[in-house]
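These notes concern the structure reproduced below.
The values are calculated or read from the model by the stated rules, or taken from the named source; none is laboratory data. This one's a predicted model, so the numbers in the text were calculated from it and none came from an experiment. Cβ: placed from backbone, ideal geometry, glycine included. Neighbour counts: every protein chain shown. Heads up: the accessible areas ignore ligands, DNA and RNA and are worked out on the full protein's heavy atoms, side chains in. Shrake-Rupley method; radii C 1.70, N 1.55, O 1.52, S 1.80 Å.
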Amino acid sequence: MYKSVIRSTVGRQLTATAARPVAVRSYASAHAAPQPFNWEDPLNAASLFTEEELAISETAEAYCQERMLPRVLQAYRDENYDKKILEEMGELGLLGATIKGYDCAGVSNVASGLITKAVERVDSGYRSGMSVQSSLVMGGIDDFGTQEQKDKFLPKMAKGKLLGAFGLTEPNHGSDPGSMETTAKPHPTKKGYYSLSGAKTWITNSPIADVLIVWAKLQETGKIRGFLVERSECPPGTLETPAIKDKNGLRASLTGMIQLDECPVPEANMFPDVEGLRGPFTCLNSARYGIAWGTIGALEDCISRARTYALERKQFKGNPIAKYQLVQKKLADATTDAAFGTLAAVQVGRLKDEGLAAPEMISMIKRQNCDRALVNARILQEIFGGNAVSDEYGIGRHVANLFVTQTYEGQSDIHALILGRAITGLQAFV
Ligand code: TGC
Ligand code: FAD
């Protein structure tokens, strides 16, 4: 069902007519008749989406609920990531969805946000796998790659046939990647090659990735450069990507290290023109924007699960606990934060499409939506009483995952400092 829908939606460029929000048209014709309150979309964000965006959202939601949701509980228990998921997403046109050309769909940033939200409604780990593939790796190649690099990697990545990882964080340098120790120097024996050495850690998808973007300092200049490391081309012993096991969050996503020991990488695999942290941070702008949407999807799932539970669970004279004011306040707070977070993400998405989104705007929505999703999910967990401890209710999984979302791609306090710097003009990092 979803396959045929996506073919008729994703893949087409938005036209000027299609890009008009649905509300603008219905407002004009219906003279703003009062709408009933919809707890699932309290501020009627749907009225801000184009028909194409709504169709893409429906397609993504159908795939995620019908195909991904049934797998997640066991995957989380087993700490297992089924990489076929990326192939399925590729078949539907969900990977690198904002990229134009190279078999990508070329949709708006809001459409891509809606896809991300649908995926994270199921699990942040599944969104993580997709974000790394789409925003960090395909986005990086699209922004900074040579024509040969784009032609070689993007079409296969769009189909989920080639998997990517993004290596910035190191064991000793997380919030401060500018101090990284991984180096690239001219290879001593292979002409036209760099030799990469160092270690990256906490890298999503690294154990299964075919192509790994590694950010390293050129030994000659001390400048950070990006390299496309192809696993199949690395001689034995020069690239290892061990998995990090026994995580207590994001268990349906694979995380690992990247260990490079004089790994030869052709000069042609270096991003030619970008140097310094502008390279990785530009990729992060898109991924952080996606997390701002995704975490609202996870929060909405928590709200829906908590509401259902509260309506069914009876305590004191057979009353559903949903009747009690303290329970209602929890639902009201969470629903308000989800609605505000969605509107903020739509606004930044529209600005991003126009090339008008400042990185600080993305820091603001990434921080706010991750923080509010985590706080509210944790409070909604209380509605389940003892059952919250059972993984079958799904709420504990979201809470554990949302801690990770608040931590990666810039921990929330780091985004506060980015905003503080923009507000005061004073740098807190040094
Ligand atoms: P700073 O002096 O601020 O900037 C250095 C250079 O970078 C440029 N820049 C940006 N460019 C584009 N977009 C942005 N958002 C940018 N932010 C900075 C800046 O203009 C400058 O350029 P140039 O040309 O003048 O050199 O650098 P700093 O070292 O002081 O940075 C401080 C800080 C804290 C802001 C930064 O280091 C930071 O954001 N730290 C957080 C680290 C982080 O986000 N790591 C993410 C790792 S990847 C990941 O977590 C993936 S998880 C994936 C998943 O599973 O979903
Ligand atoms: P630290 O930098 O050691 O920070 C620890 C604490 O100190 C934080 O609370 C931080 O806010 C605070 N702190 C640090 N500096 C300051 C300061 N100046 N002022 C105030 N407070 C400060 N990285 C990648 O490159 N690629 C990936 O694909 C990737 N995937 C990940 C997947 C998972 C599951 C996880 C957990 C992490 C992943 N990361 C990835 C790494 C992630 O980006 C880092 O964990 C994150 O940037 C924080 O770095 P750190 O863990 O070293 O913490």
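Between E58 and R313, what length comes free when the chain is fully extended (0.36 nm per residue of separation minus the Cα-Cα distance, one decimal in nm)?
The E58-R313 span can extend by a further 88.8 nm.
Top mean-square fluctuation among T336, T308, T221, Gaussian network model of the chain, C-alpha springs under 10 Å?
T221
The range 136-231: which GluC sites (Glu not before Pro) are DSSP loop and have at most 13 other beta-carbon atoms within 10 angstrom?
Within the range 136-231, the qualifying GluC sites (Glu not before Pro) (loop, at most 13 other Cβ atoms within 10 Å) are E181, E220.
Pick from A310, A97, A33: which residue has the top mean-square fluctuation in a GNM of the chain where Cα pairs under 10 Å get a spring?
A33
Taking all pairs of different Cα atoms in the range 323-378, averaging 1/r and flipping that mean, what Kirkwood radius in angstroms comes out?
Taking the inverse mean of 1/r over all distinct Cα pairs, the range 323-378 comes out at 12.3 Å.
Whole number please: convex hull volume per residue, Cα atoms of the range 39-108, in Å³.
On the way: hull volume 8.2 nm³, N = 70.
For the range 39-108, the hull spanned by Cα atoms encloses 118 Å³ per residue.
For the range 140-265, state what percent of all Cα-Cα pairs lands in each successive 5 Å bin, counting from 0 Å until the bin that includes the largest distance.
Reading upward from the zero bin: 2, 11, 20, 23, 21, 15, 6, 2, 0.
I want the local charge near A75. Using Cβ-Cβ distances under 9 Å, sum +1 for each Lys or Arg and -1 for each Asp or Glu among the other residues.
-1
May I ask you to list the chymotrypsin sites (Phe, Trp or Tyr not before Pro) in the range 269-319 that are in a DSSP loop and have at most 11 other Cβ atoms within 10 Å of their Cβ? Numbers along the way, then the final one.
Numbers: sites: F281, Y289, W293, Y309, F316; in loops: F316.
Hits after loop and neighbour filter: F316.
On the accessible surface of the chain, probed at 1.4 Å, how many percent belong to carbon and sulfur atoms?
54
Can you sort M364, M68 by solvent-accessible area, 1.4 Å probe, largest first?
Sorted by accessible area, descending: M364, M68.
Ranked from the most accessible area to the least, with a 1.4 Å probe and all protein chains present, what is the order of S232, S112, S206?
On the way: S232 100, S112 30, S206 0 Å².
Of S232, S112, S206, the descending order of accessible area is S232, S112, S206.
Hey, what's the chain come to in accessible area per residue, 1.4 Å probe, Å²?
In whole numbers, the chain has 45 Å² accessible per residue.
Nearest-5 percent of antiparallel DSSP beta bridges in the chain?
Within the chain, antiparallel bridges account for around 85 percent of the total.
Can you tell me the equivalent ellipsoid semi-axes for the range 315-430? Use √(5λ) from the Cα gyration tensor, largest first, whole Å.
34, 16, 13
For the chain, set up a Gaussian network in which alpha carbons nearer than 10 Å are linked by springs, and say which option among P235, P264, P177 fluctuates the most.
Among P235, P264, P177, the largest mean-square fluctuation in the Gaussian network model of the chain belongs to P235.
Give the ranking of W39, W215 by solvent-accessible surface, highest area first, calculated with a 1.4 Å probe.
Values: W39 75, W215 0 Å².
Highest to lowest solvent-accessible surface, that is W39, W215.
If every alpha-carbon in the range 111-202 counts as one equal scatterer, what log10 I(q)/I(0) does Debye give at q = 0.15, 0.21, 0.25, 0.26 1/Å?
-0.79, -1.18, -1.22, -1.22
Full-extension gain between Q35 and Q219, please, as 0.36 nm times their residue separation minus the C-alpha to C-alpha distance.
Here the answer is 60.0 nm.
Could you tally the net charge around P42, taking each other residue with its Cβ under 14 Å from the Cβ of P42, Lys/Arg +1 and Asp/Glu -1?
-4
So if I average 1/r over every pair of distinct C-alpha atoms in the chain and take the inverse, what Kirkwood radius in Å does that give?
Here the Kirkwood hydrodynamic radius works out to 22.4 Å.
In debye, nearest 20, what is the charge dipole magnitude of the chain about its Cα centre with +1 on Lys and Arg Cβ and -1 on Asp and Glu Cβ, if you could check?
The calculated dipole for the chain is roughly 720 debye.
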